[in-house]
Amino acid sequence: KRKGMIFDLDGVIVDTAKFHFLAWRKLANDLGFDFTEDQNEQLKGVSRVHSLHKILKWGGMELSEEEFQRQMDLKNENYLSYVNEMDATEILPGVTKILDYLIGNDIPFALGSASKNARTILKKIDLLEKFDAIVDGTDVTKAKPDPEVFLIAAEKLGVKPEDSIVFEDAVAGVQAANRANMTSIGIGDKSNLGEADYVFSDFTEIEREFIEQLLRK
Ligand code: G16
Ligand code: MG
């Protein structure tokens, strides 16, 4: 049976959450308030527009449409200044090994990210050419937990949703994979990724036997 794998970007391949946090926090600070790292958890996997809505709510603020757009642009500019410094050393532990295993065994894999900067980031970390398909924030109309991003990715890989395996660090992403009828693998904390079919703290915890077993199913 032809199986495929779909990887989220932020929190799975790289930890760009730290850069998003710095950039969003600067935005909040410039507007005269602050938010915590705990609150930042709620922004993981969430689109840029939705993130700003949430943050403004925390600060009890409202912006005109024009100012909202300007703040999003400023945030992104600031975020990209961090992204610009990235290189392959930012790839999270165990990721390269699993990608090389998939390539060696002719198992197709895609990126399924909410980020509009996904291609820029993949290029910085030298992974752009390795993916068989890339679906990102520029390709979708509905944000996670809507399954759209993963359904398009599976289609591009030529695999059925039920034969797709998704790696996700965000609750919304795990829900999107489940709604797509895919196998969901949470990367992170069991306490908040309980809805996933399997949870691992990171890729170094995933044994080759586990992957082989998933592919045989
Ligand atoms: C990522 C991050 C989110 C970010 C979103 C949009 O998602 O987890 O925090 O808000 O992308 O990013 P951008 O502003 O670059 O378009 P993912 O799906 O890769 O985890
Ligand atoms: Mg993520």
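The values are calculated or read from the model by the stated rules, or taken from the named source; none is laboratory data. Everything numeric in this text was worked out from a predicted model, so none of it was measured. Here the Cβ is made from the backbone with ideal geometry for all residues, glycine too, and neighbour counts use every protein chain on show.
Structural remarks
- Counting the residues of segment 91-100 that are in a helix (DSSP H, G or I), surrounded by fewer than 18 Cβ atoms within 10 Å (Cβ to Cβ) and either among the polar types (S, T, N, Q) or under 16 Å from the mean Cα position of the chain (by Cα) (or both) gives 1.
- Residue among I107, I103 that is of a type outside the set (F, W, Y), modelled with pLDDT of 95 or more and assigned to a loop (DSSP other than H, G, I, E, B): I107
- Neighbours by Cβ (under 6 Å, 6+ apart or cross-chain): first from segment 115-137, of a type in the set (K, R); second assigned to a loop (DSSP other than H, G, I, E, B): K116/G137; K116/T138; K124/M86
- If the condition is being within 16 Å of ligand 2 (Cβ to nearest atom) and either on the phi > 0 side of the Ramachandran plot or part of a strand (DSSP E or B) (or both), then segment 110-141 contributes A110, L111, G112, I134, V135.
- Taking the conditions (1) part of a helix (DSSP H, G or I); (2) charged (D, E, K, R); (3) within 9 Å of ligand 1 (Cβ to nearest atom) in turn, K54 satisfies each one other than (3).
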